[in-house]
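First the structure, in the form of structure tokens, and then the observations on it.
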């Protein structure tokens, strides 16, 4: 009877050990998959930000005059008539421009060479890109 209990105990320990081992491998695999998904999402977000910055980069006009309105270059926007630069930041599909006395926020949309800035409480602003 004692031999049976010892054998049963050893079998149970072996099953438990193997079961734990498989669960650990599964957990590691799931964790790797999660980390890969998170890394891919970050890479995609980075590509989206780079793509948005590339679309935004350049000289734009609002069409009110024949002159340029502003030029997005690097991490700032130059207002041509004022000859002043202001920092801006992109987050997903939105832009934030930091002026000395306020902060402007808008969603960006692009249709061919037209940029739309859609901000709350204001009309949608349209701009056209100058071709270099």
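Just so you know, all these numbers are worked out from the coordinates, no wet-lab data involved. Nothing here was measured: the structure is a model prediction, and the numbers come from that model. So basically every Cβ, Gly included, is an ideal-geometry build from the backbone, and we count neighbours across all protein chains shown.
A few notes on this one:
- Taking 95, 118 and counting other C-beta atoms within 10 Å, the order from fewest to most: 118, 95
- Order of 60, 128 under a 10 Å beta carbon neighbour criterion, fewest first: 128, 60
- Sorted by Cβ neighbour density within 10 Å, fewest at the top, the residues 83, 105: 83, 105
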